[in-house]
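Below is one structure, written out as structure tokens; the observations come after it.
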Amino acid sequence: MYPYTLSIAAYNSAGEKVRDIAFTYTTEAALAAVLRMNGVQTSVLAPVQGSLEIFIPGAVAAGQTGASFMWDGTANNGQAVASGDYYLQLVSVDMYGHKETLVKDVQVIKSMTGVTVKIFNSAGELVREISGAGIASQLELQVASIVSVGKAGTDITIQYGPGMTVSWDGKNIRGMTVSSGIYEMQVVVCDTNGIRIDAEKSVTVLEEGGGNMLEGIKLLPNPVVVKGGSGGSQKITWKISGSGRANIAIYSCTGDRVRSFSAELASGGVVWDLKTGSGKTAASGIYMVVIRAVFDDGKARAAAVKSSIIRKDNKDGNVN
């Protein structure tokens, strides 16, 4: 019933073991682990706020209905560890002696009162944590709905309160530039009331470094001038060699997703009927068309192009 043994231990930055957290039997190997404090996903352990939960999705440990383990920030001698960088090592061994090792980075902070901006990828994995200078009087999350990373001088400014900002260089915890895609940003507050999420927003990231931007994108016509207040269409075309799929997302000037398409790259384009995903007519205005090409070899490229719709009344030619 439990074909794997699982051992979990915490190590300091010098590679010295500071705590044996668990040794048990599980139904599955620990190929992934989610770290949480008070229900919030994080890579930071603040012992004054509670223990760090180590949750292994898809597995069941002996004596549990799932697989969840806790570390309170103490060492094997019972004393609290110092603030600093640590890592958790999860080792699964099957009945034949085959070993799977998973490592998760953890930062221990003795006193934690402040704001952290967390960035997650579309798979829900924590990409980056950025600490703010202090807690704002009014928390919010203001950041462009479409941002570019991968080029020098393209740091992204994230405002989490009036006059309170942090900068993201577009890199993950490992120092590597993130790939194009949809990311979720959260403002997480830690104070005497505990840890909580106060604001969140989805952001489209375009990776411009290393030649990963698409070229040859055209919108025909652009602008689209429609008389009569309804109807009209715009063709979104590309010239891309290689096989795969194109994922197209259209956003309003306020960052709301208006419409999504998916097509084979070989098709060379799609036609937008100037309607929203719910079938309503898209109003006059500026839109952002984001195209992400995913090739069969797993590589991806992206581009963003502005689209303009002008709707005119048949009678007097005024823009609707």
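What to note about this one:
- Out of Val91, Val106, Val48, sole residue that is surrounded by 19 or more Cβ atoms within 10 Å (Cβ to Cβ) and under 30 Å from the mean Cα position of the chain (by Cα): Val106
Table: residues versus (1) assigned to a strand (DSSP E or B); (2) hydrophobic (A, V, I, L, M, F, W, C); (3) at pLDDT 85 or above.
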| position | (1), (2), (3) |
| --- | --- |
| Ile173 | no, yes, no |
| Cys190 | yes, yes, no |
| Arg196 | yes, no, no |
| Glu200 | yes, no, yes |
| Val205 | yes, yes, no |
| Gly210 | no, no, no |
| Gly232 | no, no, yes |
| Lys235 | yes, no, yes |
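- Leu45 being closer than 27 Å to Val115 by Cα, at pLDDT below 90 and not acidic (Asp, Glu): yes
- Matching entry among Ala59, Ala144 (being of a type outside the set (Phe, Trp, Tyr), surrounded by 12 or more Cβ atoms within 10 Å (Cβ to Cβ), part of a loop (DSSP other than H, G, I, E, B) and touching a Ser or Thr at 6+ places or on another chain (Cβ under 7 Å)): Ala59
- For the criterion of being free of Cβ contacts under 8 Å to residues at least 12 places away in the same chain and of a type in the set (Gly, Ala, Ser), Gly66 passes.
- Total residues in segment 292-312, condition surrounded by fewer than 17 Cβ atoms within 10 Å (Cβ to Cβ) and of a type in the set (Ser, Thr, Tyr): 1
- Close pairs from segment 81-95: first in a strand (DSSP E or B), partner among the polar types (S, T, N, Q), Cβ under 6 Å, at least 6 apart: Asp85/Ser13; Asp85/Gln107; Tyr86/Asn12; Val91/Ser7; Val91/Thr101; Val93/Thr5
- Given (1) surrounded by 15 or more Cβ atoms within 10 Å (Cβ to Cβ); (2) touching a residue at least 24 places away in the same chain (Cβ under 8 Å); (3) within 14 Å of Val108 (Cα to Cα), number of the condition Ser13 does not satisfy: (1)
- Positions within segment 267-284 being out of contact with any Phe, Trp or Tyr (no Cβ under 9 Å at 6 or more places or on another chain), surrounded by 15 or more Cβ atoms within 10 Å (Cβ to Cβ) and free of Cβ contacts under 8 Å to residues at least 40 places away in the same chain, in sequence order: Lys275, Thr276, Ser284
- Count of segment 250-266 residues which are at pLDDT 90 or above and out of contact with any Phe, Trp or Tyr (no Cβ under 9 Å at 6 or more places or on another chain): 4
- Top-ranked residue of segment 16-45 - restricted to ones that are of a type in the set (Val, Ile, Thr) and in a loop (DSSP other than H, G, I, E, B), ranked as surrounded by the fewest Cβ atoms within 10 Å (Cβ to Cβ): Thr27
- Here Arg257 does not fit the description of being closer than 17 Å to Ile146 by Cβ and touching a helix residue (DSSP H, G or I) at 6+ places or on another chain (Cβ under 9 Å).
- Note on segment 25-35: residues that are more than 31 Å from the chain's Cα centre (by Cα) and touching a residue at least 40 places away in the same chain (Cβ under 8 Å) total 0.
The values are calculated or read from the model by the stated rules, or taken from the named source; none is laboratory data. Keep in mind the model is a prediction, meaning the values are calculated, not measured. Quick reminder, even Gly has a Cβ in these numbers, built from the backbone with ideal geometry, and neighbours come from all protein chains shown.
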